[in-house]
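J.: Take this structure, written in structure tokens, and hold onto it; I'll ask about it next.
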Amino acid sequence: MDGKRLVEAVRAGVRGMREELLTARRDPLPRQGMLGWLPHVHVVLFALVLGIANWVEYKYAEGPAKVFFPVCAVAQAGAVVVALSRPVAAWWLSTAAMSVSAESVAATVPGDRVWPWSVSGIALHTAVLLLLSLRVRPRVAATALVITVGSGLLGLALSDRGHNQDVTRAAIAFGTAVVVGASLRASRVARSRLVEQEVLTADERARRTLLEERGRIARELHDVVAHHMSVISIQAQVAPHLVADPPPELTENLAGIRENAVQALTELRRVLGVLRSADPEGARHAPQPTLDRLGELVANVRATGLEVATETAGTPRPLAPGVGLSAYRIVQEALSNAMRHAPGARVRVAIGYHPATLTVRVTNSRPTRSAPPSPGTGHGLLGMRERAAMLGGELATGATPEGGYEITALLPTDRTAATNTAEDIP
């Protein structure tokens, strides 16, 4: 059984190797960072200069070599350029050109000349192998190296003349190119995987932070919803006593309303109670803050040394608990960001009461000193957007022309508009 698996593995490896070597697929060499296309231009110039040198190196060729060798010299120089986009096809072209040129001049090359490959031809093929090794797996590049050296040894074995052979020296150059190319490719692949992992980690961190923020919002709104359900239950229980001789239908309906309210409150506490289980015992029953406690929040921030000014436009009025809580949390997070990222800056908190909306604007000036590294997750803006979107509002953030930062939230306060907006959300 193990032998059969070994045979199957070998067959699969050979099949994969054949598919990777017998292909002309396009695999362009990417731009090289700050250098851009400059390395590509250098490769083309290298191929042009070495191609001319390769042609001149065998200018003494006679007979059929006068036709074959110039064509092979051009083909080998062109293979270097082709290797920029199709490395496997370029390697086959260069290897074939080297073999044909070697056989075409074998009968006329002087004994003091290197053979089967010229010095310029070796340099050109080394460049092709380097470009190949940068794009294919190491085992494919190693196979290409073996085939290249094997073609040279085969030419020597079939030759009936003594030559100043250079296969050994060429093999060293070819092997060095493959090793260098494979190493650079491995480094590039490692960097790419590291970048991908960093992106995945950042996405996962953002997703986890989003879920945590939504959980925190749900925990805070639990008190608000539970309060309203409790009020409904109490009113449904008291309502029959406010009417003399209430009809049985009214009493029955009110009893049903109270029963449904109690059941809904029980289910709400059961489900959202899980979210609250992670809260500290002291904070579990603390009332949720609203804009009524804005002065206390600003006073605590001022105690840290941050200069904060507040202003209110319009006539303050009672807000829905969810709106007041979200507005308070947005201001709180904006002030926390200013303390972390804008030390020494002046902060202005502006609350605007409009007929159907509430505007919250927190602006800080340019910081007077560099901010220390922050241990936070860096996703405070995400939580503010979640709170605004939950109410059907909008949040805008961005740098100011003076070098500071501004956060503006527009929260609907009209119950009908807020309800319609919520119904439009899928």
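J.: Using a 1.4 Å probe and ignoring any ligands, DNA or RNA, find the accessible area of residue 27 and quote it in Å² to the nearest 10.
T.: 50
J.: Here's something else I'd like to know. Please work out how much accessible surface residue 192 shows to a 1.4 Å probe, ignoring ligands, DNA and RNA, in Å² rounded to 10.
T.: For residue 192, solvent-accessible area is about 60 Å².
J.: How far apart, in nm, are the 7 Å Cα→Cβ label points at residue 37 and residue 399?
T.: 3.2
J.: Identify the trypsin sites (Lys or Arg not before Pro) of the range 32-130 meeting these criteria: DSSP loop state and at most 13 other C-beta atoms within 10 Å of the C-beta.
T.: In loop regions of the range 32-130 (DSSP not H, G, I, E or B), the sparsely surrounded trypsin sites (Lys or Arg not before Pro) are 59.
J.: In the range 144-196, which trypsin sites (Lys or Arg not before Pro) are in a loop and have at most 13 other Cβ atoms within 10 Å, using DSSP for the loop call?
T.: Listed in order of number, the matching sites are 161.
J.: A further question on this structure: By accessible area of protein heavy atoms, probe 1.4 Å, what ranking do 68, 174, 46 get, highest first?
T.: 68, 46, 174
J.: While we're on this one: In nm, to one decimal, how far is the modelled label at residue 196 from the one at residue 107, with both set 7 Å along Cα→Cβ?
T.: Output for this residue pair reads 5.5 nm.
J.: Right, here's the next one. Give me the extension gain from residue 313 to residue 260: residue separation times 0.36 nm, minus the current Cα-Cα distance, reported in nm with one decimal.
T.: Details: separation 53, 0.36 × 53 = 19.08 nm, distance 4.15 nm.
Between residue 313 and residue 260, full extension yields an extra 14.9 nm.
J.: Per-residue counts of other Cβ atoms within 10 Å, averaged by peptide: what ranking do you get for 72-84, 255-267, 28-40, 385-397, highest first?
T.: The packing order, highest mean first, is 72-84, 385-397, 255-267, 28-40.
J.: Ignoring ligands, DNA and RNA, how do 55, 91 rank by accessible area with a 1.4 Å probe, largest first?
T.: 55, 91
J.: I've got another one for you. Roughly speaking, to the nearest percent, how much of the range 23-166's 1.4 Å accessible area is carbon and sulfur?
T.: 71
J.: At 0.36 nm per residue, minus the direct Cα-Cα distance, what do residue 21 and residue 179 gain on full extension? Give it in nm, one decimal, please.
T.: Gain on stretching residue 21 to residue 179: 55.1 nm.
J.: Next question, about the same structure. State in Å² the accessible area per residue of the range 328-411; use a 1.4 Å probe, count heavy atoms of protein chains only, and round to the nearest integer.
T.: About 47 Å² of surface per residue is accessible.
The values are calculated or read from the model by the stated rules, or taken from the named source; none is laboratory data. This one's a predicted model, so the numbers in the text were calculated from it and none came from an experiment. Backbone-built Cβ (ideal geometry, glycine too); neighbour counts: all protein chains shown. These area figures cover heavy atoms from the full protein model, side chains too; ligands, DNA and RNA do not enter into them. Shrake-Rupley method; radii C 1.70, N 1.55, O 1.52, S 1.80 Å.
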